[in-house]
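Chemist: Questions regarding the structure given below will be posed in turn.
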Amino acid sequence: MMENTKKVWRSHRPREQIKILYDYELTNAPGKSMVAMELYYPPDGTSPPHRHAGATAVAYVLEGEFLSGMHGNQPQVYKSGENFIERPGCHHTCSDNNSKTEPMKAIVVLIVDTAVLKTEKGYAALVEIDEEWV
């Protein structure tokens, strides 16, 4: 008999907060939209492993330190004023505030298929939590 291997994202750590800043359909790239989000992690904040709906995502750290790891690689710390890119299909395996005492804030701009945003999920479709963690 096969055991259930589904993991449950239970963490004593606080989760991220996301605020949509803007959403524009790109007239020079038909079928694509650019969406900007303000990403806030309270001290010791975290997100479960996820992807971004086939989008290209560029993050710019405004304050604090963002601990980011992709595809299971060693996570890197990005400090205020630094940025990084996630290519389409990127698996964000570590997404944390690197500090247990200070908040982290970043702006994330995604270039995504407009059709993704027009589903019933809307903006929620932009962060696809790994199925085994849902």
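Chemist: If you add up the charges near Lys118, with Lys and Arg at +1 and Asp and Glu at -1, over every other residue whose beta carbon is less than 14 angstrom from its beta carbon, what do you get?
Modeler: On the way: positive: Lys32, Lys121; negative: Asp23, Glu25, Asp113, Glu120.
Spelling it out: positives minus negatives among the neighbours equals -2.
Chemist: How much of Glu128 can a 1.4 Å solvent probe reach, expressed as accessible area in Å² and rounded to 10?
Modeler: Its heavy atoms expose roughly 90 Å² to the probe.
Chemist: Could I ask something else about it? What is the spin-label model distance, in nm, from Ile129 to Val58 if the labels are put 7 Å beyond Cα along the C-beta direction?
Modeler: A separation of 3.0 nm, rounded to one decimal place.
Chemist: With +1 on each Lys and Arg Cβ and -1 on each Asp and Glu Cβ, and nothing else charged, work out how big the dipole of the range 47-97 is about its Cα centre, in Debye to the nearest 20.
Modeler: Details: 3 positive and 5 negative charges, 43 e Å.
Rounded to the nearest 20 debye, it is 200 debye.
Chemist: Contact order normalised by length for the range 22-134, with contacts defined as Cα pairs under 8 Å and 6 or more residues apart; what percent is it?
Modeler: Working: 281 pairs, mean separation 42.2, N = 113.
Value for the range 22-134: 37 percent.
Chemist: Now for a different question. Dipole magnitude of the chain about its Cα centre, charges +1 at Lys/Arg Cβ and -1 at Asp/Glu Cβ only, in debye to the nearest 20? Numbers along the way, then the final one.
Modeler: Numbers: 14 positive and 18 negative charges, 20 e Å.
So the dipole magnitude of the chain works out to roughly 100 debye.
Chemist: Let me ask something else about it. Return the sequence-ordered ³J(HN,Hα) values of the range 45-58 in whole Hz as given by the Karplus equation 6.51 cos²θ - 1.76 cosθ + 1.60 applied to θ = phi - 60°, using x for Gly and Pro.
Modeler: Those phi angles translate into x, 8, 10, x, x, 7, 10, 10, 6, x, 7, 8, 10, 10 Hz.
Chemist: Using a 1.4 angstrom probe on heavy atoms only, work out the carbon and sulfur share of the accessible area of the chain in %. Don't jump to the answer; show the numbers that get you there.
Modeler: On the way: 4150 of 8070 Å².
Here carbon and sulfur together make up 51 percent of the probe-accessible area.
Chemist: Could you tell me what a quarter of the Cα convex hull surface of the range 71-122 works out to, in nm² with one decimal place? Walk me through the numbers before you get to the answer.
Modeler: Working: hull surface 20.2 nm².
For the Cα atoms of the range 71-122, the hull's average projected area reads 5.1 nm².
Chemist: How do His50, His12 stack up against each other in accessible area, from largest to smallest, with a 1.4 angstrom probe? Kindly include the intermediate steps, with their values, before the conclusion.
Modeler: Details: His50 10, His12 165 Å².
Accessible-area ranking of His50, His12, largest first: His12, His50.
Chemist: How would Leu126, Leu117 rank on accessible area, largest to smallest, probe 1.4 Å?
Modeler: Values: Leu126 0, Leu117 25 Å².
My answer, sorted largest first, is Leu117, Leu126.
Chemist: Ordering Met34, Met70, Met104 from largest to smallest accessible area (1.4 angstrom probe), what's the sequence? All intermediate terms of the calculation are to be shown ahead of the outcome.
Modeler: Numbers: Met34 55, Met70 35, Met104 0 Å².
Largest to smallest exposure gives the sequence Met34, Met70, Met104.
Chemist: Would you mind counting up the charge near Lys100? Only other residues with Cβ under 12 Å from its Cβ, with Lys and Arg at +1 and Asp and Glu at -1.
Modeler: Values: positive: Arg13; negative: Asp44, Glu65, Asp96, Glu102.
With Lys, Arg at +1 and Asp, Glu at -1, the net is -3.
Chemist: If you roll a 1.4 Å probe over the heavy atoms of the protein chains, what accessible area per residue do you get for the chain, in Å²?
Modeler: Numbers: 8070 Å² over 134 residues.
Ligands and nucleic acids excluded, the result is 60 Å² per residue.
Chemist: Separate question: Going by amide H atoms built from the backbone, whose H comes under 5 Å of the H on Met104, apart from near neighbours?
Modeler: Those qualifying (amide H under 5 Å, at least 5 residues apart or on another chain) are Tyr41.
Chemist: Under the rule a/c < 1.5 gives rounded, and otherwise a/b versus b/c splits prolate from oblate, where does the chain land using the Cα gyration tensor?
Modeler: Details: a/c = 1.82, a/b = 1.14, b/c = 1.60.
Since a/c reaches 1.5 but b/c is at least a/b, the shape of the chain is classed as oblate.
The values are calculated or read from the model by the stated rules, or taken from the named source; none is laboratory data. Small disclaimer: the values here were computed from a predicted structure and weren't measured. As a convention, Cβ positions derive from the backbone with ideal geometry for all residues, glycine included, and neighbour counts pool all protein chains shown. Just so you know, the surface numbers come from the protein's heavy atoms only, side chains and all, with ligands and any DNA or RNA stripped out. Shrake-Rupley method; radii C 1.70, N 1.55, O 1.52, S 1.80 Å.
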